Structure formats: C-alpha cells, structure tokens
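What follows is a set of notes on a single structure, which appears directly below.
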Amino acid sequence: MFNRRSIFFYMRQVTGLIFLTVLLTNISLSSPTDYSVFEPGIRNGRGRAQLNATQKNAVAKALLSKTGFSSIHFDETGWLRFAPNLGSGSETAQQLVFDAFRGQQVIELYSRERSSEVAFARMITSQIFESGRTGAQITIYHLEIDFSDFGYLNGDREARAAFDLGFILLHELTHIIRQIYDNNGSQTSPGDCADYINRIRQDLGLPLRNHYFPETRKLARDVGTVYIARLSFSYSSKKRYSVFWDALKVGNIK
Ligand SMILES: [Zn+2]
C-alpha cells in the first residue's frame, strides 16, 4: 500500500503504555483530508468497534458530570466537542479535558463490550505518525471501554459515585495527558494516578480511593465459586465506603 499522491508517514506500532517498537514502516493514508491526522483531541474510533449513539451519550454525560462544562457532545465527524463556560465541576477534570485537545495526541474511543480482557477501560495500542515532509508528530491512542462492566458495580452510593464511567475515563486520560501512571499502586496505596484522580473526587465532594488493587474474596455459591472484587473509599474519617463487583465477569484490573 503505497500511494504516491499521499503524505508519507512513519508509523510505529506501540503496545500499551510501554513504548515498545514492534514495527517501523512507511505507510500512506489514502485520503488524509477525511481525518486530519495531526489534530489533537478525543474522537470516536473507526470501524465496527466504534462507540454507538448510546455509548457516545454515556461518555459525554460522564465527562459533563465531572467537568461541569455547559455541554459535551460528539460532532458528526466523531470528534468530542465541549462548551467550557461553566465552573461547577472539578477544575482538575476541566484542565485535563482541555489539555487532551492540545499537544500531540489523539485518543480514539472503542467499545469492548463483555470483554474479559478489559476491566472497565484500558489504553491498549497506539501509533506514532510522523510527517516525512514537516516532521510533525502525533500519537494515536486507543481507549477501549467495556460498558457492560459498569452494570456489575454494586455498593455504597458514595463509593459508586466515586468510581463510575467518568472517573475511569479520566484515569485513563491522566495516563496519557499527564504521563502519570499507576506507580506505587497496591492493595494499601492508591498509586500516583489514583492519587491524581482523588483530587477530582475531592473537588466534587466525594470520598477518596484508598488503594489501587481491589481486595478479592472467594465465595462459594450455588452457581459455583464467585470472586468478588472490592475497592474502598473514604473521607478523612475512618468510615469506609465500598464498591464491589464480580471479578470474573468484569475481568482483571491491570
Ligand atoms: Zn491506570
């Protein structure tokens, strides 16, 4: 595939958050104008796994509830658009979404409904495009969301409010936009990224996540063995609020 009339790019295939170069090749885009490759931001993915209308609405609503923007929607070309003139949300969340539209990255959203590999959401692959002509570079990340996992969440109202689609999306965005990872995350510590997301929880008057990895309990049930994963959240007092889910149905947290 080599179209001489197109701009040529160098593409590196990247896996996960570790920039592991597994492929270095020249490619061409058949029609660069249908998708401005060097425009940063958040957009719907392409192909069969792209978000449907209900999923796009869920993402827009989830981000709206954290940022307090006056509106968020996906335009007809798939880009997330927002009107940022309200101040009722978390400033940290607002700045994070703002910054996703600057710099040198595109975050494409994909649905991984009922996937055992994706627990709530993950960033799995990305590509770095570099214009051979101008040297401009942009990294394309894939944010995969398993919307069905959110249906398995149970627990205290406060904890569920502190661990929903919006927080999961912001967690993944933080990895990319702030380059903050789950370092130091354990069963007793939230780790760097969850600490950052805790600022947003604090802004919104929600309890803070106490640890990164969920506690898992094995329970014998009529249907067989069930593994329940649980995360706890708290305000400054000792009282803990829990959210829990069926670990086998949702998949492993990584
Ligand atoms: Zn993470």
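Observations, loosely collected:
- Some residue of the range 192-211 being acidic (Asp, Glu), more than 28 Å from residue 101 (Cα to Cα), open to solvent by 10 Å² or more (accessible area, probe 1.4 Å) and assigned to a helix (DSSP H, G or I): no
- Selection status of residue 136, away from the ligand (no atom under 16 Å from the Cβ), hydrophobic (A, V, I, L, M, F, W, C), under 30 Å from residue 40 (Cβ atoms) and touching a residue at least 60 places away in the same chain (Cβ under 8 Å): yes
- Residue in the range 157-180 that is nearest to the ligand (Cβ to nearest atom), counting only those that are on the phi < 0 side of the Ramachandran plot and open to solvent by 60 Å² or more (accessible area, probe 1.4 Å): 178
- Residue within the range 240-250 that is open to solvent by 40 Å² or more (accessible area, probe 1.4 Å), more than 23 Å from residue 151 (Cβ to Cβ), among the basic types (Lys, Arg) and within 19 Å of the chain's Cα centre (by Cα) present: no
- Candidate set from the range 181-191 (those that are among the polar types (S, T, N, Q), out of contact with any Pro (no Cβ under 9 Å at 6 or more places or on another chain) and open to solvent by 40 Å² or more (accessible area, probe 1.4 Å)); member that is nearest to the ligand (Cβ to nearest atom): 183
- Residues in the range 83-124 that are free of Cβ contacts under 8 Å to residues at least 60 places away in the same chain, within 21 Å of residue 201 (Cα to Cα) and open to solvent by less than 50 Å² (accessible area, probe 1.4 Å): 94, 121.
- Top-ranked residue of the range 26-51 - restricted to ones that are of a type in the set (Gly, Ala, Ser) and not in a loop (DSSP other than H, G, I, E, B), ranked as modelled with the lowest pLDDT: 28
- Members of the range 212-227 that are open to solvent by 30 Å² or more (accessible area, probe 1.4 Å) and either within 16 Å of the ligand (Cβ to nearest atom) or within 25 Å of residue 62 (Cα to Cα) (or both): 213
- Filter result (in a helix (DSSP H, G or I), among the small types (Gly, Ala, Ser) and open to solvent by less than 50 Å² (accessible area, probe 1.4 Å)) within the range 52-82: 58, 60, 62
- Subset of the range 217-239 that is hydrophobic (A, V, I, L, M, F, W, C) and over 21 Å from the mean Cα position of the chain (by Cα) - its residue that is modelled with the highest pLDDT: 228
The values are calculated or read from the model by the stated rules, or taken from the named source; none is laboratory data. Just so it is clear, the model here is predicted, and its values are computed rather than measured. FYI the Cβ positions are ideal-geometry reconstructions off the backbone, even for glycines, and counts take in every protein chain you see. The accessibility values were calculated without ligands, DNA or RNA, using every heavy atom of the protein model including side chains. Shrake-Rupley method; radii C 1.70, N 1.55, O 1.52, S 1.80 Å.
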